[in-house]
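> First the structure, then my questions, so here it is.
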Amino acid sequence: MAKYTILTPAGASFTTAGGGYEYEMEALEGLDAEIVECPATEEGFIAAAPTADAVYAKGMKFTAAMINALTKCRHIALGTVGVDYVDVAAATAKGIPVTNCPDTFIEEVADHAMMLLLATHRRCIEQDRMVREGRWAEGRPQLLKIPRLMGQTLGFIGFGRVARATARRAKAFGLHMKAYDPYVEELTLSALGVEPATLSEVLSTSDFVSMHLPDTPETRGFLKERHFRQMKPNAIFITTGRGPTVNEAALIKALEEKWIAGAGLDVFEVEPTRPDNPLHRMPHVILSPHNASASSRFDPARKRRVGQELALTLQGKWPMSCVNPTVLEKSGLRRWQPYAMERGPNS
Ligand SMILES: NC(=O)C1=CN([C@@H]2O[C@H](COP(=O)(O)OP(=O)(O)OC[C@H]3O[C@@H](n4cnc5c(N)ncnc54)[C@H](O)[C@@H]3O)[C@@H](O)[C@H]2O)C=CC1
Ligand SMILES: O=C(O)C(=O)COP(=O)(O)O
């Protein structure tokens, strides 16, 4: 038996089809550590929890009950940006550092947000269908009604890493940009040509509203009916953030009653979406199955990063991307690099 047990639920990770742990183990090379799978159920995890020196959190939600069952665990490592899969408050109460992968696949998500924006604006799916269905002549009249993209306004809600990478792309398309994010300095926005704005300004003046909030207690159900009512009738709503930050019933109502013109969505309140979800039937809505972060680079990169983070804590060192850094000082782990303690709500 190896000296260190890294406990993980068996099976697929959040976005990928499972597979071995070769990338994680590459980063753990030289350490007497093994990744041990337990059943991907709350009870299965709880039964195995006392064996865990660290947890590789994937494939399921990690509840307070699961975290409280850990007796010697010194690290919970996530392969995602979003930390909503883990009850971070419970981990903090137990003094366990939680890490995420904040920098690994930003560019993919920004590409995806831009893809949803362009595809909804130029009605890509409907145009494609017209060609396939022999309705060639209907294509041009539809697009003759849409404005030119250049000069339109893109408003961001949340202006973290993904929104900034999206802004860099949108600038090349000649979009005006504004953003609502009270936690980000104005200089960060102005350096990217983005105007700081209130939430109301973003909602009422944007032709595209792109949502990038993490799922936190503060942001759950953030966008409600009254917010969709403030948007322009030509507005297109894009999200690659987290489903629960948007009241989906309100979004559906806004689309059905034409308060807004369309939507491009990668994330949903309930995933996978249910077959009877009204969004499935809406022609001017483009959907993708929570895969904005995916590319051939994504899986190896995030798995290596998880391995690197685990290797650090198993060697007694502070991890790189800790989302609850207040636990570090008392963790018994060694500081080995300058560490930013002032972090945003999800960084
Ligand atoms: N669809 C997908 O596959 C992916 C989804 N995501 C989701 O997108 C979210 C954003 O990702 P990043 O930009 O990398 O995260 P980030 O942590 O860099 O940015 C989040 C931003 O939201 C802001 N924010 C937090 N609470 C706020 C509030 N109440 N009001 C206004 N702004 C607030 C923060 O100040 C921060 O600037 C992640 O938390 C994750 O849930 C991330 C990667 C892939
Ligand atoms: O990193 C994130 O937060 C993402 O949404 C992408 O990965 P996930 O679907 O959470 O595994």
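The values are calculated or read from the model by the stated rules, or taken from the named source; none is laboratory data. The structure presented is a predicted model; accordingly, all values stated were derived computationally and were not measured. Positions of Cβ are backbone-derived with ideal geometry, glycine not excepted, and every protein chain shown enters the neighbour counts. Remember, those area values only see protein heavy atoms, side chains included, never the ligands or the DNA or RNA. Shrake-Rupley method; radii C 1.70, N 1.55, O 1.52, S 1.80 Å.
> Within segment 282-320, can you find the residues that are of a type in the set (S, T, N, Q), open to solvent by 10 Å² or more (accessible area, probe 1.4 Å) and more than 13 Å from ligand 1 (Cβ to nearest atom)? Explain how you work it out, then say what you get.
Step one: of segment 282-320, the residues of a type in the set (S, T, N, Q) are 288, 291, 293, 295-296, 308, 313, 315.
Filter once more, so that each one left must be open to solvent by 10 Å² or more (accessible area, probe 1.4 Å): 288, 291, 293, 295-296, 308, 315.
The answer is Ser296, Gln308, Gln315.
> Quick check on my filter: what residues within segment 265-281 are within 14 Å of ligand 2 (Cβ to nearest atom) and open to solvent by 90 Å² or more (accessible area, probe 1.4 Å)?
The answer is Pro272, and nothing else.
For (1) of a type in the set (A, V, I, L, M, F, W, C); (2) open to solvent by less than 20 Å² (accessible area, probe 1.4 Å); (3) touching a residue at least 12 places away in the same chain (Cβ under 8 Å), each residue gets a yes or a no:
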| position | (1), (2), (3) |
| --- | --- |
| Leu143 | yes, no, yes |
| Arg148 | no, no, no |
| Phe156 | yes, yes, yes |
| Leu175 | yes, yes, yes |
| Lys178 | no, no, yes |
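> Go through segment 181-232 and count every residue that is more than 23 Å from the chain's Cα centre (by Cα), aliphatic (A, V, I, L, M) and either closer than 20 Å to Asn100 by Cβ or surrounded by 13 or more Cβ atoms within 10 Å (Cβ to Cβ) (or both).
Qualifying residue count for the region: 1.
> Could you please let me know if Ala167 is closer than 27 Å to Phe105 by Cβ, in a helix (DSSP H, G or I) and open to solvent by less than 10 Å² (accessible area, probe 1.4 Å)? Step through it out loud before you land on a result.
Numbers: closer than 27 Å to Phe105 by Cβ: yes; in a helix (DSSP H, G or I): yes; open to solvent by less than 10 Å² (accessible area, probe 1.4 Å): yes.
It is true that Ala167 is closer than 27 Å to Phe105 by Cβ, in a helix (DSSP H, G or I) and open to solvent by less than 10 Å² (accessible area, probe 1.4 Å).
> List every residue pair whose Cβ atoms lie under 7 Å apart, where the two residues are 6 or more positions apart in sequence or sit on different chains, the first residue falls within segment 181-201 and is over 16 Å from His212 (Cβ atoms), and the second residue, located anywhere, is open to solvent by 90 Å² or more (accessible area, probe 1.4 Å) and assigned to a helix (DSSP H, G or I).
Taking only residues 6 or more apart or on different chains, the pairs are Gly193/Lys171.
> Give the residue, chosen from Leu199, Leu189, Leu203, Leu175, that is in contact with a His (Cβ under 7 Å, 6 or more places away or on another chain) and more than 16 Å from ligand 2 (Cβ to nearest atom).
Leu203
> With Phe237, Phe222, Phe268 as the choices, which residue is farther than 15 Å from Leu116 by Cβ and in the same structural domain as Ile157 (by TED's automatic domain parsing)?
Criteria check complete, one pass: Phe222.
> Filter segment 59-80 for residues that are among the polar types (S, T, N, Q) and either surrounded by 15 or more Cβ atoms within 10 Å (Cβ to Cβ) or within 16 Å of ligand 1 (Cβ to nearest atom) (or both); which is nearest to Val109 (Cα to Cα)?
Per the criteria, the residue is Thr80.
> Continuing with the same structure: Report whether or not Gly20 is at pLDDT below 95 and not hydrophobic (A, V, I, L, M, F, W, C).
Criteria met by Gly20.
> Enumerate the pairs (first residue in segment 74-97 and at pLDDT below 95; second residue anywhere and of a type in the set (Val, Ile, Thr) and surrounded by 20 or more Cβ atoms within 10 Å (Cβ to Cβ)) with beta-carbon separation below 7 Å, excluding pairs fewer than 6 apart on the same chain, so at least 6 apart or on different chains.
Partner pairs satisfying both residue conditions: Gly79/Val306.
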